[in-house]
Amino acid sequence: MVVEGEWLSWGTARKRAEFHTAPLRPGHRREWTPEGSKDVLYPISNKLLRGPLLENLGKNLTLTHVWPNPAGLSDFQNIACGVRECVAKIPWRFVTAVAAGAVALGYYLSWWFAAGRLASPGLALLLAVALAFVAAQLLGHWLLYLVARTRTTAPRQQHSLSVDIFVTACGEPPAMVERALRAAVALEGEHCTYLLDDGHNPASAQLCERFGAHYRTRGDNAGAKAGNLNAALPCTGGDIVVTFDIDHVPQPDFLSHTVHHFADPTVGFVQVMLTFSNQDESWVARAAAETSLDFYNPTSFGMDALRSATLMGSNALIRRTALKGIGGYQLGLAEDLATSLALHAAGWRSVYVAQPLAPGLAPANLAAWYTQQLKWARGVFEILLTAFPRAIARLDWGERLAYTVRMTKYWIGPAVFLHLAMSAGALLFASAPTRAAVQDYMVHLVPLMIGDLLIRREAIRLWRHASVPAVVPLRAIALVYATWPIYTLAWIMALVRIPLGFRPTPKAPSGSLNPVWLLPQTIACVALLVGAVITLTSTSGMSAHLLLGFAAFQMGLQLWPIGLWASWQTSQGRQQANEASRRGQAADV
């Protein structure tokens, strides 16, 4: 049964089957709470209806049928009519892009099912890997784009909820601590601000006294950031806990844009969009900021439409009773993801606020980027292999989709590694028939890559904050592609259970990168170059033009971090030489 005014997601319908099927008393509307459903008096009219899933298929779309429907259509027929109407209202450019992507996907899969290929156990295993990646990352993202919508800005409401602000620190520069603390204390609305200092810095305690904030530290740093937050919970009592990383500076109206969402008693947490203020600091900073454009815009818009937005570490508000119900922040390298997974599994809903209310700092150099990505990827893979399988039965289908997309994001690393190995192997060692088969694979792969890029381009053009440029993030593609060794290492460490200690992302604008981190990219470039030379000098070289072009493309993406590191080394050497020269001149004087 479809009830007037009801707004439902996929999996919620599964959880609430009785809610939909039980007879509804005339003149009443059924409302849902975590404790169950109840019928309340409601004036039935001929307003447009919102049915299961259908509103999510477009921005603010509704069914044209009323309930009870005068045509006597079944629920399935009624829903089918709504789906047809909603799809018709999705912008034609996006529909065209998705249709082209679907055709390209079918063309790509046709290579695998060519006669005799799946007789090889190795190829059959690689097909399973390819299908898992395609389902989780391509189809998963495309589905989220299809259901994405822009949340209507609700009027700001007065609330009686008390708010605690937690700002976490661990040895960051005093100027950064001061900037974050000053902004947190200045937030509009009643609140208490706490600096949770795992760096045990006396200067930070003085800053708290100066700004009127509370200073908290602890005897050890057990549990890293999650342990720091959990240690503060028994000593505070606010109804809502707001968390900020030390590099995020909230705007004064942060709370007025967010706290009112907790008027809905089913909302367990609210996540605010993450943005960055230092894109102009370096090439890496701009590229790192661009890597988040898709996730924090169309992908998170889709998750929010399914009531499945996830926590992202900072800029988050959590209902204390919900947090207490799951035993506090979950420990681990990806404590934010683990905590939101536990909250959703416990039945709480989430809200995503797509406004840049507390910009932070993106990694400004390769050392900071690699440190951050290794920690995040290792933590996310840990949850994918352990907590997610245990929680999946308690999640609805929208939540399963959202978490699958987020937790398999870093599979891009192993995927790049496999294609690099395939290209280098074909160029170096393969016979002419094998090389031709690999080239044929490339012919089937390239359209899918282009199709996915076009779909993502259209998605970010449609569903983004006004401050976000609608551009193809080429820098982000290059940065992520060149980070494949980090993601592959994290996946291997997760599979064989190798632990990784917690390290906060370095916040300094400059940092030294151990060249060992660039060894895999160097080996890949050498292998591709030697293989290209061997292929070009062979009798079949000219017939492998696409394979050679793909190898050249891969080589270029591997070379840029090496060049970036070499440029940084040169500039550092020049700075040291200039400093030594100035010291020498001062000594002469």
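Please treat every number below as a calculation from the coordinates, not as lab data. Bear in mind the structure is a predicted one, so any value in this text is a computation, not a measurement. In this analysis, Cβ positions are derived from the backbone assuming ideal geometry, glycine residues included, and neighbour counts consider all displayed protein chains.
Note on region 163-369: Kirkwood hydrodynamic radius from all Cα pairs is 17.2 Å, rounded to one decimal.
Each label point was placed 7 Å from the Cα along the Cα-to-Cβ direction; for THR236 and ALA135 their separation is 4.1 nm.
The convex hull drawn around the Cα atoms of region 122-268, when projected onto a plane and averaged over every direction, covers 13.4 nm². With θ taken as phi - 60° and the Karplus curve 6.51 cos²θ - 1.76 cosθ + 1.60 applied, the whole-hertz 3J(HN,Hα) list for region 428-444 is 8, 10, 6, 6, 4, x, 5, 4, 5, 5, 5, 5, 5, 4, 4, 4, 7 Hz, x standing for glycine and proline. Extension gain, ALA205 to HIS465, is 89.9 nm, computed as 0.36 nm per intervening residue step minus the present C-alpha separation. How far is it, in nm, from the label point at LEU428 to the one at THR522 when both lie 7 Å from their Cα along the line to the Cβ? A separation of 1.6 nm, rounded to one decimal place. Note on ALA100 and ILE498: their simple-model spin labels are 4.2 nm apart, each label 7 Å out from Cα toward Cβ. Calculated FRET efficiency, ILE534 to CYS192, Cβ-Cβ distance, R0 = 45 Å: about 0.10 to the nearest 0.05. The fraction of all Cα pairs in region 291-390 landing in successive 5 Å bins from 0 to the largest distance is 2, 11, 20, 23, 23, 14, 5, 1, given as whole percents. Across region 392-408, rounded Karplus estimates of 3J(HN,Hα) from the backbone phi angles (6.51 cos²θ - 1.76 cosθ + 1.60, θ = phi - 60°) give 4, 5, 9, 9, 7, 5, x, 5, 4, 4, 4, 6, 4, 4, 5, 7, 9 Hz, Gly and Pro being marked x.
Of the peptides 288-299, 474-485, 109-120, 175-186, the order by per-residue mean of other Cβ atoms within 10 Å, starting with the highest, comes out as 288-299, 474-485, 175-186, 109-120. Computed extension gain for ASP220 through ALA115, at 0.36 nm per residue and net of the alpha carbon distance, reaches 31.6 nm.
Pairs of alpha carbons in region 375-446 separated by more than 16 Å make up 62% of all such pairs.
Does anything in region 312-356 have its amide N under 17 Å from the 7 Å Cα→Cβ label point of THR150, and if so which residues? Within reach of a label on THR150: 352-356. The HN-Hα couplings worked out from phi for region 171-179 by the Karplus form 6.51 cos²θ - 1.76 cosθ + 1.60 (θ = phi - 60°) are x, 6, x, x, 5, 5, 4, 4, 4 Hz, whole numbers, x standing for Gly and Pro. Note that region 195-301 carries a Kirkwood radius of 16.8 Å, evaluated over its alpha carbons pair by pair. Summing +1 for each Lys or Arg and -1 for each Asp or Glu among the other residues whose beta-carbon sits under 11 angstrom from that of SER300 gives +1.
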